[in-house]
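Take a look at the structure set out below.
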Amino acid sequence: MGQNKFSARLAIGILIALFFGVALFLRIALPYDKVFVGDWIKFSGVDAWHFMRQVDSLVRNFPQAISFDPYARYPGGSAVGGYSLFVYFLGGITWLFGFGSPSQHTIDVLGAYLPAVVGALTVVPVYFLGKALFNRWAGVVSAGLVAVLPGEFLGRSVLGFTDRHSVEVILTVLTMLFFVLAFKGAARRQLSFEAIKRGGWALAARPVAWSLGAGAVLGVYLLTNRGAFIFLFIIVAFLILQSVVEHLRGRNIG
């Protein structure tokens, strides 16, 4: 039994690694010639140039981010609106990779590769989310689908599409993963305030840890994009609706 369990885990690990490789190939190899053209690195979309301009300024003046861009809205320039952790995330990685003084080529190369790498890495939390919701093989199928599925996610996580979308997706998946694990852990322990009084806080340690993880990742997501508040609204709406349903079923929700 133990040998079969180990074999299944090994097979799943190999499959997830394979899906990651396939996802990386689709996102890097196919558009490579359109991004790396001679000595030029051509980013995709207007927003990619906007973010790379901010990253370039941040790296040159680390950790001070640009607040006014004289090159925007010619000829008067424009204030750079909105705080985005994405700029600090990419800028911080670039600054560290270049030992505090990266070349322009290093900045552009890392900026081009980031969305593809993050997009490919998304297969890992998707597997664990599918496993938490259903079973391990559902997680494997989910990871395989997200690796190759055409559409907005694939199109916005390819080489050179240096925008925050790929980071937003992996953050939402991680938030939901921790959220589901917290709910399942609480349900398994039949957690309530009365149960905590009887069994102590040790009973709630793991669900609380997963809840804190969900809150932390959601906080990072909110700092990455202010539009993430819609995701927070969906979570709150679900909690209210689920509480009403549980109450109507006569179950203790306190």
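The values are calculated or read from the model by the stated rules, or taken from the named source; none is laboratory data. Because the structure is predicted, anything quoted here is derived from the model rather than measured. Reconstructed Cβ throughout: ideal geometry from the backbone, glycine too, with neighbour counts over all protein chains shown. Just so you know, the surface numbers come from the protein's heavy atoms only, side chains and all, with ligands and any DNA or RNA stripped out. Shrake-Rupley method; radii C 1.70, N 1.55, O 1.52, S 1.80 Å.
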* Structure fact -> Over region 8-49, the set of residues open to solvent by 50 Å² or more (accessible area, probe 1.4 Å) and part of a loop (DSSP other than H, G, I, E, B) is 30, 38, 39, 42
* When residues of region 53-108 are filtered for being among the aromatic types (Phe, Trp, Tyr), modelled with pLDDT under 85 and closer than 17 Å to residue 163 by Cβ, how many remain? -> 1
* The one condition in (1) of a type in the set (Ser, Thr, Tyr); (2) part of a helix (DSSP H, G or I); (3) surrounded by fewer than 23 Cβ atoms within 10 Å (Cβ to Cβ) that residue 127 fails to fulfil -> (3)
* Asked: in contact (Cβ under 8 Å) with a residue 60 or more places away in the chain and either farther than 26 Å from residue 145 by Cβ or of a type in the set (Asp, Glu) (or both): does that describe residue 19?
  -> no
* **Number of positions in region 50-66 that are open to solvent by less than 70 Å² (accessible area, probe 1.4 Å) and not small (Gly, Ala, Ser)** => 8
* Asked: Are there any pairs with C-beta distances below 7 angstrom linking a residue in region 157-184 that is acidic (Asp, Glu) to a residue that is in a helix (DSSP H, G or I), with the two at least 6 apart or on different chains, and if so which?
  -> 163/47; 163/48; 163/51; 163/115; 168/221; 168/224
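Checking the conditions here, which among 245, 208, 167, 158 is in a helix (DSSP H, G or I), in contact with a helix residue (DSSP H, G or I) (Cβ under 6 Å, 6 or more places away or on another chain), at pLDDT 85 or above and among the hydrophobic types (A, V, I, L, M, F, W, C)?
Answer to the selection: 167.
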* Structure fact -> Out of (1) of a type in the set (D, E, K, R); (2) at pLDDT below 95; (3) more than 19 Å from residue 32 (Cα to Cα); (4) buried (at least 18 other Cβ atoms within 10 Å of the Cβ), the one residue 184 does not meet is (4)
* To do: Return a yes/no flag: does region 94-109 have any residue that is in contact (Cβ under 8 Å) with a residue 60 or more places away in the chain, within 19 Å of residue 156 (Cβ to Cβ), aliphatic (A, V, I, L, M) and assigned to a helix (DSSP H, G or I).
  => no
* Consider residue 13 carefully, then state whether it is in contact (Cβ under 8 Å) with a residue 24 or more places away in the chain and within 23 Å of the chain's Cα centre (by Cα). => no
* **Complete set of residues in region 134-155 that are over 30 Å from residue 33 (Cα atoms) and not in a helix (DSSP H, G or I)** => 134, 135
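Every residue, every condition in (1) within 18 Å of the chain's Cα centre (by Cα); (2) on the phi > 0 side of the Ramachandran plot, yes or no:
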residue	(1), (2)
80	no, no
85	yes, no
119	yes, no
126	yes, no
141	no, no
148	yes, no
167	yes, no
177	yes, no
190	no, yes
* Structure fact -> The correct count of residues that are exposed (fewer than 11 other Cβ atoms within 10 Å of the Cβ) and not in a loop (DSSP other than H, G, I, E, B) in region 67-93 is 1
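Yes/no matrix, rows are residues, columns are (1) closer than 28 Å to residue 126 by Cα; (2) in contact with a Cys (Cβ under 9 Å, 6 or more places away or on another chain); (3) basic (Lys, Arg); (4) without any contact (Cβ under 8 Å) to a residue 40 or more places away in the chain:
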| residue | (1), (2), (3), (4) |
| --- | --- |
| 33 | no, no, no, yes |
| 46 | no, no, no, yes |
| 55 | no, no, no, no |
| 60 | no, no, yes, yes |
| 78 | no, no, no, yes |
| 84 | yes, no, no, no |
| 90 | yes, no, no, no |
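In this structure, does residue 141 turn out to be in contact with a helix residue (DSSP H, G or I) (Cβ under 9 Å, 6 or more places away or on another chain) and under 28 Å from residue 207 (Cα atoms)?
Working: in contact with a helix residue (DSSP H, G or I) (Cβ under 9 Å, 6 or more places away or on another chain): yes; under 28 Å from residue 207 (Cα atoms): yes.
Against the criterion (in contact with a helix residue (DSSP H, G or I) (Cβ under 9 Å, 6 or more places away or on another chain) and under 28 Å from residue 207 (Cα atoms)), residue 141 qualifies.
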